[in-house]
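The values are calculated or read from the model by the stated rules, or taken from the named source; none is laboratory data. Please read all numbers here as calculations on a predicted model, not as lab measurements. Here the Cβ positions follow ideal geometry from the backbone for every residue, glycine too, while neighbour counts run over all protein chains shown. For the accessible areas, the whole protein counts, side chains as well, though only heavy atoms, and no ligand, DNA or RNA atoms are used. Shrake-Rupley method; radii C 1.70, N 1.55, O 1.52, S 1.80 Å.
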Amino acid sequence: MSDIKDATTADTAPTPDDALRMADAAEKKGPVLAADGRPLKQSLNRALRLQKLRALALVAPLLIFVLVTFIAPIADMLFRSVENEIVSETLPKTTAALEDWDAEGDTIPDEAVFEALYDDMFFAQEAKLHSRLGSRLNYEQTGVSSLFRKTGRSVEDMGEVFQDQFEDLDDFWKTGENWTSFMASDEWLADIQAWDADSGDRQPRFELRDGIDDILPATAESYTRFANYVRTEDEDNVYTEDPWAVIYSSFYDDLTRADAAAIAAYSGPAAEQIKSAATAATGFETIDYSEAFLDIDEDWHSIDVWRTIKIYSPKFTNGYFLNAIDMQKSIDGPELRPENERIYGILFWRTMVMSITITLSCILLGYPVAWILANLPARNANLLLILVLLPFWTSLLVRTSAWKVMLQQQGVINDTLVWLGLVATDDRLVLINNQTGTIVAMTHILLPFMILPMYSVMQTIQPTYLRAAKSLGATNWTAFWRVYFPQSIPGIGAGSILVFILAIGYYITPEIVGGTSGTFISNRIAYHISSSLNWGLAAALGAILLAVVLGLYWAYDKIVGIDNVKLGG
């Protein structure tokens, strides 16, 4: 039994793991059974699993809360910083056609690309996606947004050239029922005719007729997109809905480019009308898509527009991150932006420097206050502590606005300095709308976050240490610097981390009192989220800021040691 005795003589209290080790040692002497007849080790393992499951159930709500409110938003932010699906999803045919275009040359894409652009733009404007796409590309090249909106208003006129000619040829091509008679499968036709719109049931999913996509591939694709949109977005009856103009242009392309033998061999519904249309289509008036887009706006013949579309056609891009570090994507690869457009590097540097300055200011102002609180009698210390916490009872916006009143050139501070004769009336200090105003206001706002951690640590420092140092011959300064201050460093570290992290994320205070030279990178992030709606760039800036903070945290841990940070005790 010596092994069992060794296992029970640990310094710590017994745990289920100790019981398992005891069971292992006992099993070497022979089988040990529990009260229920099972092997003791198996019973202990089962009890340990139940204990872990109960512990997990207790922390599960907190884990779920952290996952939903913290981890998931960060993951979404990181995804938005590289996501770029809107270009390829809105212009699928155009981006595919641009793959063979030499963007490094000096010629615009050929007619096939413009024809693909027509198809994509037609469906995009019906779904109201062209304006969103224009806004996305406008982040990379100014003027693209207005170009896409203008094109969306005019693109429908192109297809009407073919629509008018088919409808003049035969009234058959005017109504939606005639189109569905040969485009849709017999099963779908039976289902849609039996469907009652007032019943509340969903409209049957559109199904192409077997083999029609072999004869009329472009028409089949366009009609399917049309049918799905009418069914899901417009919620109209596909069977009776007249086709869009883009379907007529696709139909013309199929009839003029398809194998004549395949058209002649077709014997399904509307075979005579299709054959007649194929014969007549060869004499139709055609469209020069390149010239048609040029008539809408001459920018469609600008090579820079097409380069922008091609560069940002992949579903994922590093363009947001490049923009966030004052670079841009180009045909030749990443390159620096023009010097007058480089602002984010300046903002990141300013944010770091000013946050460190604010943190140091809080340490210099907060340390004496925390020392006084820690060394006063409890009754007096509690009264002063209420004064420290008093700013928390006032809105952040109100406190910041109050500083705006106090710091302006006709404000309280300048008036007081003039009254004391320290500043001339015509030489008042400029304390607002600059870095000085931001540092003063944010130091006041964040000072309690520095005082409280230092106070909680200083409370644990025994006064007898200072008395002992003085009894050994140390001066007041030596006793403080060699004995008291080292013990208060954990509180300084905790307060510094808290103040610094809060400082780099503030944007209300710098926005109100900082002007153009006192704003932080967080102000730019807020601008892109709420005003420019460039969420990808905002996410990239946020991701870089997060990486910088984690890097500084890692460096702090290596230099100071995060284990040395305490909040008291």
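For the reader, a short list of remarks on this structure follows.
- Any hit, the range 188-201, residues being open to solvent by less than 20 Å² (accessible area, probe 1.4 Å) and within 43 Å of the chain's Cα centre (by Cα): yes
- Restricting Thr107, Thr175, Thr151 to those that are within 30 Å of Ser276 (Cβ to Cβ) and not basic (Lys, Arg) reduces the list to Thr175.
- Any chance Val457 is in contact with a Lys or Arg (Cβ under 8 Å, 6 or more places away or on another chain), within 28 Å of Asn382 (Cβ to Cβ) and open to solvent by less than 30 Å² (accessible area, probe 1.4 Å): yes
- From Val418, Val423, Val440, Val405, residue being touching a helix residue (DSSP H, G or I) at 6+ places or on another chain (Cβ under 9 Å) and assigned to a loop (DSSP other than H, G, I, E, B): Val423
- All of Leu336, Leu397, Leu347 fail the test of being farther than 25 Å from Ile325 by Cα and among the aliphatic types (A, V, I, L, M), apart from Leu397.
- Unmet requirement for Gln410, which otherwise passes all of (1) crowded, with 20+ Cβ neighbours inside 10 Å; (2) farther than 28 Å from Val483 by Cα; (3) among the polar types (S, T, N, Q): (1)
- Here Val440, Val430 are screened, and the one residue that is open to solvent by 30 Å² or more (accessible area, probe 1.4 Å) and within 23 Å of Leu364 (Cα to Cα) is Val440.
- Top-ranked residue in the range 487-542 [being of a type in the set (Phe, Trp, Tyr) and at pLDDT 90 or above; ranked as most open to solvent (accessible area, probe 1.4 Å)]: Trp535
- The one condition from (1) touching a residue at least 12 places away in the same chain (Cβ under 8 Å); (2) among the acidic types (Asp, Glu); (3) under 28 Å from Glu177 (Cβ atoms) that Glu272 does not meet is (1).
- Residue match in the range 194-207 (condition: closer than 30 Å to Glu104 by Cα and of a type in the set (Gly, Ala, Ser)): no
- Those helices (runs of 4 or more DSSP H) of the range 465-561 in which at least 1 residues are more than 26 Å from Leu407 (Cβ to Cβ) and in contact (Cβ under 8 Å) with a residue 40 or more places away in the chain, considering only elements entirely within it, cover 485-505, 535-559.
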